[in-house]
1. Can you list residue pairs whose Cβ atoms sit under 6 Å apart, with the first residue in region B:146-157 being under 12 Å from B:LEU169 (Cβ atoms) and free of Cβ contacts under 8 Å to residues at least 12 places away in the same chain and the second being hydroxyl-bearing (Ser, Thr, Tyr) and part of a loop (DSSP other than H, G, I, E, B)? Count only pairs 6 or more apart in sequence or on different chains.
2. Can you tell me which residue in region B:46-71 is farthest from the other protein chains (Cβ to nearest Cβ), limited to those that are of a type in the set (Asp, Glu) and in a helix (DSSP H, G or I)?
3. Does A:GLY74 count as open to solvent by 50 Å² or more (accessible area, probe 1.4 Å) and within 14 Å of another protein chain (Cβ to nearest Cβ)?
4. Would you call B:THR129 within 14 Å of chain A (Cβ to nearest Cβ) and at pLDDT below 95?
5. Filter region A:230-258 down to residues that are part of a helix (DSSP H, G or I) and free of Cβ contacts under 8 Å to residues at least 12 places away in the same chain and give me whichever is surrounded by the fewest Cβ atoms within 10 Å (Cβ to Cβ).
6. Given the criteria out of contact with any helix residue (DSSP H, G or I) (no Cβ under 6 Å at 6 or more places or on another chain), open to solvent by 10 Å² or more (accessible area, probe 1.4 Å), away from every other protein chain (no Cβ under 14 Å) and not in a helix (DSSP H, G or I), does A:VAL111 qualify?
7. Out of A:THR118, A:THR91, which single residue is touching a residue at least 12 places away in the same chain (Cβ under 8 Å), in contact with a Cys (Cβ under 8 Å, 6 or more places away or on another chain) and outside any strand (DSSP E or B)?
8. Hey, among B:LEU150, B:LEU165, B:LEU159, which residue is hydrophobic (A, V, I, L, M, F, W, C) and either at positive phi or within 17 Å of the chain's Cα centre (by Cα) (or both)?
Amino acid sequence: VAAQEPGFAELTFRLGPLGGTVELLARAAPPRLLLAVSETPPDDVPLPAFERSPEARVTPRAVRVVVLDPGHGGSDPGVISASGLPEKDITLAVALRAKERLEEAQGLRVVLTREQDTFLAPEARAEIANRERPDVFVSIHCNGWFDPGLRGFSVGVPRSEEPDAASELPRWGTRTVRDRRDTETLAEILLREMGERLPIPDRGVRAAAYAELEGAAAPAVHVECGFLSNREDASRLVDPEFQATLGVAIAEGVGAYRHALASGEVDSP
Amino acid sequence: VNRLWIAGAAAAAVLLAGLIFALRRENAPIVDPPDLEVRGTRTVDLFLPAPDGELEREPREIVGGEHLEDDVRRAVEELIAGGSTGIRPVPASTRLINVFDDGAGEITLNFSEHIRSDHPGGSEAEIATLRSIVSTVGVNFPGVDRVRILIEGDVVNTLAGHTDLRGPLDVQEYR
């Protein structure tokens, strides 16, 4: 970014030497700029040998970096419990405890999308996470319902999406097959580990169009810790001890997923 | 002078009454309001959240209107009124302000702010609200492929922080 002022950004791309053609395409819905580089160079131009940057190398699947996303924040309180405690405070407490546990017990690098009571738009969260080159992305939430009836924890996964048929280029939000498969594995392991530690019902894996998971370049899940609209769940969720248990449960789930990858329990790519 | 004044006032009153009558005639609807007896009723399936969180179909009779927008409005208003499950997916305070059919498979529903401000929040409730609306419109009105939800005329990011509402919702994905 060469220059920036409110409402404008100037982007400079330095490419080359390239054999093929380069096109800059503007697309709507969702708004994005695409830099399309053709694969086939003219016959008479030999392709130079490139040293691939470290980021571009295909890394073996291992969990080194975890991004935790405490749901809501700032002007967006999320669900508000009967006692008045907002979801945004609970998700932050749970995420901080999970981070501590993952760093201590697993020695992983853990980054939070927010560490304060600040507003972050859902659609900005995957982008913030991607800057850290995460191996796992976990968004943490508390659930709500129209009456006190529903209770329990669940793990949400992105609804399976098809690539944009109208374009040969992948659209923002289209996930790799490997990430989709690993997301399912991560969700199952997280549910198992949470189920062993939490005294509330397990509502299973749920697929939906979670906005904050769209575009995440890693296995990504949406953890619901329980229903703030249910008296029994809420009485636990507002308790700092239970929040710590939730943080540990999520950390242990990520740790178990990491071991599953390392031990080859999960199919290799 | 007094008599002149009274005569003038009377003439002005007659003129004013005539003008109002003429204007009312001019503004009278060209088409008569829908004759409810003649147009009859039709049955639509409302999609309402059940106590277990799943959606249940509940048939409801609505008065058929002249345009697709009329029928969509009545179906969505029935959804707001709720059903036998006792769970209202759209807060009762919500008003459906406008319905617009683009004629190319997309229905736009413009709701009052209450759909957001009186919503309980939580991803499960948010998704149930969207699925109830999109299923009720998409399943009952063939040819509707997408439902766009606006609040007070504006495109919003989300209803309660979890699902992208910046574009229309695809009926096939939500039903």
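The values are calculated or read from the model by the stated rules, or taken from the named source; none is laboratory data. What you are looking at is a predicted structure, and each value in this text was computed from that prediction instead of being measured. For neighbour counting, all protein chains shown are included, and Cβ atoms are generated from backbone atoms with ideal geometry for every residue, glycine included. The accessibility values were calculated without ligands, DNA or RNA, using every heavy atom of the protein model including side chains. Shrake-Rupley method; radii C 1.70, N 1.55, O 1.52, S 1.80 Å.
1. Pairs found: none.
2. Out of the qualifying residues, it is B:ASP70.
3. Details: open to solvent by 50 Å² or more (accessible area, probe 1.4 Å): no; within 14 Å of another protein chain (Cβ to nearest Cβ): yes.
The answer is no for A:GLY74.
4. Working: within 14 Å of chain A (Cβ to nearest Cβ): yes; at pLDDT below 95: no.
Taking the combined requirement at face value, the residue does not satisfy it.
5. Filtering region A:230-258 down to residues part of a helix (DSSP H, G or I) leaves A:231-237, A:240-258.
Add one more test, that the residue is free of Cβ contacts under 8 Å to residues at least 12 places away in the same chain, and what stays is A:235, A:241-242.
Values: A:SER235: 14, A:GLU241: 8, A:PHE242: 21.
It comes out as A:GLU241.
6. Numbers: out of contact with any helix residue (DSSP H, G or I) (no Cβ under 6 Å at 6 or more places or on another chain): yes; open to solvent by 10 Å² or more (accessible area, probe 1.4 Å): yes; away from every other protein chain (no Cβ under 14 Å): yes; not in a helix (DSSP H, G or I): yes.
Yes.
7. Values: A:THR118 fails: in contact with a Cys (Cβ under 8 Å, 6 or more places away or on another chain).
Answer to the check: A:THR91.
8. Numbers: B:LEU165 fails: either at positive phi or within 17 Å of the chain's Cα centre (by Cα) (or both); B:LEU159 fails: either at positive phi or within 17 Å of the chain's Cα centre (by Cα) (or both).
On inspection, the qualifying residue turns out to be B:LEU150.
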